[in-house]
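Some notes on the structure that comes next.
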Amino acid sequence: MYSRIFYFFLLGLILFAPSACRVSYSFTGASISATVKTVSIPNIPNNAPLVVPTLSRTITDALRDYFTSQTNLVLVDRNGDLNLEGSITQYVVQPVAIQGNETAAMNRLTITVSMKFSNKTDPKQNWDTPVQFSRYLDYTSSLQLSSVQESLIAGITEQLVQDIFNKAVVNW
């Protein structure tokens, strides 16, 4: 008799427990409410003093691609359940490893973006003030920036997108 009761209890637990969960998880560590269905990421303008013409499109596309590939969210033009907007505020090259003859052995490319995040379904997760995300990569000064710029931008963009994604939807 007790085995029948235990069997029905266990069966009920197995059938009804998954439907009680309201948060979905992914292998990226993102925890997004099941009520969140869409994300909007408008074009991220380049407001840095030094402008690389393709940088705005590169960062915008990378963010959109990452959110749609790592979550089940649908990308919409505006008014998404989640909304990320911002601008590129810095693109700068600086010498970092100065040698004895006062020349740089290494240069550093730094890109900074300022982002705002809003969550229509859970406003407590909103970033009330813009958050600055900054990443850099170093390269040898014997190379011209133009010869390594594309690969540096790709590497920095990947890091920035991961940082923004983590801050927005990975609640560790």
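The values are calculated or read from the model by the stated rules, or taken from the named source; none is laboratory data. None of the values given here were measured: they were computed from a predicted structure. Virtual Cβ from ideal backbone geometry, glycine too; neighbours counted across all protein chains shown.
Test Phe133 against the stated conditions and say whether it is surrounded by 14 or more Cβ atoms within 10 Å (Cβ to Cβ), without any contact (Cβ under 8 Å) to a residue 60 or more places away in the chain and within 14 Å of Ile156 (Cα to Cα). Judged against the criteria, Phe133 is a match. Restricting attention to the range 94-115, and to residues there that are out of contact with any Ser or Thr (no Cβ under 8 Å at 6 or more places or on another chain) and not small (Gly, Ala, Ser), which single residue is farthest from Ala62 (Cα to Cα)? The qualifying residue farthest from Ala62 (Cα to Cα) is Asn101.
Restrict the check to the range 138-160 and report whether at least one residue is among the aromatic types (Phe, Trp, Tyr), under 20 Å from Pro49 (Cβ atoms), crowded, with 16+ Cβ neighbours inside 10 Å and touching a helix residue (DSSP H, G or I) at 6+ places or on another chain (Cβ under 8 Å).
Here is the first cut: in the range 138-160, the ones among the aromatic types (Phe, Trp, Tyr) are 139.
In the following step, the residues that additionally are under 20 Å from Pro49 (Cβ atoms) were identified as none.
Scanning the range 138-160, I find no residue that is among the aromatic types (Phe, Trp, Tyr), under 20 Å from Pro49 (Cβ atoms), crowded, with 16+ Cβ neighbours inside 10 Å and touching a helix residue (DSSP H, G or I) at 6+ places or on another chain (Cβ under 8 Å), so the answer is no.
On the given criteria, is Ser56 over 18 Å from Asn166 (Cα atoms), over 16 Å from the mean Cα position of the chain (by Cα) and not in a strand (DSSP E or B)? Answer is no for this residue. Would you check if there is a residue in the range 95-111 being at pLDDT 95 or above, in contact with an Asp or Glu (Cβ under 9 Å, 6 or more places away or on another chain), of a type in the set (A, V, I, L, M) and farther than 25 Å from Thr35 by Cβ? Yes, the range 95-111 has at least one match.
Quick grid of which residues meet (1) touching a Leu at 6+ places or on another chain (Cβ under 6 Å); (2) of a type in the set (Gly, Ala, Ser):
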| site | (1), (2) |
| --- | --- |
| Asp81 | no, no |
| Pro95 | no, no |
| Asn119 | yes, no |
| Trp127 | no, no |
| Tyr139 | no, no |
| Ser142 | no, yes |
| Glu158 | no, no |
| Gln162 | no, no |
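Checked against (1) more than 26 Å from Asn47 (Cα to Cα); (2) in contact with a Lys or Arg (Cβ under 9 Å, 6 or more places away or on another chain), Ser69 passes all but condition (2).
Among the residues of the range 65-104, those identified as touching a residue at least 24 places away in the same chain (Cβ under 8 Å), within 16 Å of Gln159 (Cα to Cα) and part of a helix (DSSP H, G or I) are Tyr66, Phe67, Gln70. When the test is whether a residue is closer than 19 Å to Val39 by Cα and surrounded by 14 or more Cβ atoms within 10 Å (Cβ to Cβ), Ser118 passes it. The sole residue among Val51, Val23 that is surrounded by fewer than 19 Cβ atoms within 10 Å (Cβ to Cβ) and either modelled with pLDDT of 95 or more or over 18 Å from Asn166 (Cα atoms) (or both) is Val51.
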